[in-house]
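Reading through the structure tokens given below for one structure.
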Amino acid sequence: MEKGRIIVSQAHFALIIDRLCHQLIEEYDDFADTCIVGIQRGGAPLSERIYRHLIDNLGIDHIDYGKLDITFYRDDFRRTEKPLEASVTEMDFIVENKKVILMDDVLYTGRTIQSALTALNHYGRPDRADLLVLVDRRFNRHVPIQATFTGIRVDALEREYVKVEWAKYAESGEDRILLFPDKKEVY
Amino acid sequence: MNTGTQNLSTKHLLGIKDLTSEDIRLIFQTASSFKDVLNRPIKKVPSLRDLTIANLFFENSTRTRISFELAEKRLSADVVNFSASSSSLKKGETLLDTVNNILSMKVDMVVMRHPAPGACQFLSKHIDANIINAGDGTHEHPTQALLDAFSIQEQLGDLEGKKVAIFGDILHSRVALSNIFCLQKLGAKVRVCGPPTLIPKHITKLGVEVDYDLRRTLEWCDAANILRIQLERQDIKYFPSLREYSQYFGVNRELLDSIGKPIVIMHPGPINRGVEITSDVADSAHSIILQQVENGVAVRMAVLYLLAALGKA
């Protein structure tokens, strides 16, 4: 039995993605010297969806696109019970003097983004880095990090859990966002 | 959203014998990720930035020591090096005292090479730090076996059912013993080949085959790990001359060409060119000797990373 409450349905989800893409076009125009970097793992499907929508449906010719794994840069290594499993990094370009749009599914404590910024520096010094997130959990930040582009703001308690489901991977076969009263009930 | 994975089943890496096949696969999976890191413009990650690692080498080493040190530095650990030739050991200090002194300077992990088999085992009973065996006498050399198996897997895919032959001085080789354990845990078939005097008497009890014919063994195997004759450990003469040894057990181009199938050629180094292997074989396209060295850093990073993950207070 499903215990999570749907806070963004499939139709609403598509609208959010569409809106975020248009916000990006407004800001970056033709995306010259700009690259999209999805943070593994949650940011990877989001960045892929946005990248494809920009290229396939919104007439953008070319954007550098990569996926960044931050496992070895995380600050909670040796502070969690289990070792952290790495994902693949696919970055076939350097970010020196480029505008970077980092993407992640949920912005929560901000520590993931902090680690991603460290990892990003290993690919050069970007001209500027922005952050796009699908969900911004506003009230649980551990570090002073804010998103430039936000899909939806969710005010949730610390014990609650926000889960982004992608049609491609989810049992439901739908894109949606759910709120669970307790993380233990998710997995 | 990293979900984490299973832990290693052991706090120390004393030998392959103590590892499960899941441990070995976890190390390989992590090593692949670190291999990616090593191919980036900046080859350093901050994972072990709050750790200090002591490299205690009571026996000479070039490759292993540099490989460990690089692995540690690529993971941002602080490193202290110690070698027996320049230490107080000469003044009569015991192993335990030496190590305890170093540990009281707040060292979190110890990488140790020692001429006495079981030295790491002994140490692990007396100190809290994670210990990694970098070779203990003629006993085990686990990271070498891991990088050997990792390198074969890169060439041949999953090791299940693959045939790997180990040639040369099996009697004195810690690499051979660790390799046998590691390859068998991954499902490979292992055969050893060398002069009868250099094959331990009851080695078949480990489940390996023994053959004294170089050609027949080469024809059988998919990968050949050719070991060095360890003259420094040989207290008596095990064969009449190096010249005779190379005639019977030296791998050369003509021999390999006449077999008519590709064999992955490996050597843990240092190579005695012209003795166990000729230069044209060591430098040939089928040789992965330099890949072994490259993989060594990634595999050692994986071992350090996974043990560090367990070592939290």
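The values are calculated or read from the model by the stated rules, or taken from the named source; none is laboratory data. Model, not experiment: these values are computed from the prediction. In this analysis, Cβ positions are derived from the backbone assuming ideal geometry, glycine residues included, and neighbour counts consider all displayed protein chains.
If you go through the range A:1-32 and pick out every residue that is assigned to a loop (DSSP other than H, G, I, E, B) and loosely packed, with under 15 Cβ neighbours inside 10 Å, you end up with 7.
Could you please find all residues in the range B:1-51 being among the β-branched types (V, I, T) and either within 8 Å of chain A (Cβ to nearest Cβ) or buried (at least 18 other Cβ atoms within 10 Å of the Cβ) (or both)? Show your work before the answer.
Filtering the range B:1-51 down to residues among the β-branched types (V, I, T) leaves B:3, B:5, B:10, B:16, B:20, B:24, B:27, B:30, B:37, B:42, B:45.
Of everything in the range B:1-51, those that are among the β-branched types (V, I, T) and either within 8 Å of chain A (Cβ to nearest Cβ) or buried (at least 18 other Cβ atoms within 10 Å of the Cβ) (or both) turn out to be B:T3, B:T5, B:I16, B:I24, B:I27, B:T30, B:V37, B:I42, B:V45.
Out of B:A116, B:A149, which single residue is among the aliphatic types (A, V, I, L, M) and at pLDDT 95 or above?
On the way: B:A116 fails: at pLDDT 95 or above.
The match here is B:A149.
Those residues that are in contact with a Lys or Arg (Cβ under 9 Å, 6 or more places away or on another chain), buried (at least 18 other Cβ atoms within 10 Å of the Cβ) and away from chain B (no Cβ under 14 Å), I need them from the range A:127-148; list them, please. First the steps, then the outcome.
The first filter runs over the range A:127-148 and keeps only residues in contact with a Lys or Arg (Cβ under 9 Å, 6 or more places away or on another chain), leaving A:127-130, A:135-138, A:142-143, A:145.
Still in the running and buried (at least 18 other Cβ atoms within 10 Å of the Cβ): A:129, A:135-137.
Result: A:A129, A:D136.
Counting the residues of the range B:162-174 that are buried (at least 20 other Cβ atoms within 10 Å of the Cβ) and modelled with pLDDT of 95 or more gives 5.
Considering only the range B:86-96, I want to know if a residue exists there that is polar (S, T, N, Q), in a helix (DSSP H, G or I), more than 12 Å from chain A (Cβ to nearest Cβ) and free of Cβ contacts under 8 Å to residues at least 60 places away in the same chain. Working first, answer last.
Step one: of the range B:86-96, the residues polar (S, T, N, Q) are B:86-88, B:94.
Still in the list and also in a helix (DSSP H, G or I): B:86, B:88.
Those left that are additionally more than 12 Å from chain A (Cβ to nearest Cβ): B:86, B:88.
Checking which are free of Cβ contacts under 8 Å to residues at least 60 places away in the same chain leaves us with B:86, B:88.
There is at least one residue in the range B:86-96 that is polar (S, T, N, Q), in a helix (DSSP H, G or I), more than 12 Å from chain A (Cβ to nearest Cβ) and free of Cβ contacts under 8 Å to residues at least 60 places away in the same chain.
Remark: pairs (first residue in the range A:158-172, closer than 13 Å to A:F13 by Cβ; second residue among the small types (G, A, S); Cβ separation under 6 Å; 6+ apart in sequence or on different chains) = A:A167/A:G173.
In the range A:115-126, which residue that is free of Cβ contacts under 8 Å to residues at least 24 places away in the same chain and of a type outside the set (A, V, I, L, M) is farthest from the other protein chains (Cβ to nearest Cβ)? Spell out how you get there, then give the answer.
So the first thing to find is which residues in the range A:115-126 are free of Cβ contacts under 8 Å to residues at least 24 places away in the same chain, and the list is A:117, A:121-122.
Filter once more, keeping what is of a type outside the set (A, V, I, L, M): A:121-122.
Values: A:N121: 8, A:H122: 4 Å.
Step by step, filter the range A:115-126, then rank; the result is A:N121.
Quick check, is B:S61 among the hydroxyl-bearing types (S, T, Y) and either farther than 27 Å from B:G269 by Cβ or not in a loop (DSSP other than H, G, I, E, B) (or both)? Criteria not met by B:S61. Scanning the range A:58-90 for residues that are in a loop (DSSP other than H, G, I, E, B), of a type in the set (V, I, T) and free of Cβ contacts under 8 Å to residues at least 40 places away in the same chain yields A:I60, A:I63, A:T80.
If you take just the strands (runs of 3 or more DSSP E) that sit entirely in the range A:91-181, which of them hold at least 3 residues that are modelled with pLDDT under 95? Walk me through it before giving the result.
On the way: elements: A:99-107, A:128-137, A:149-154, A:161-165, A:176-180.
Result: A:161-165, A:176-180.
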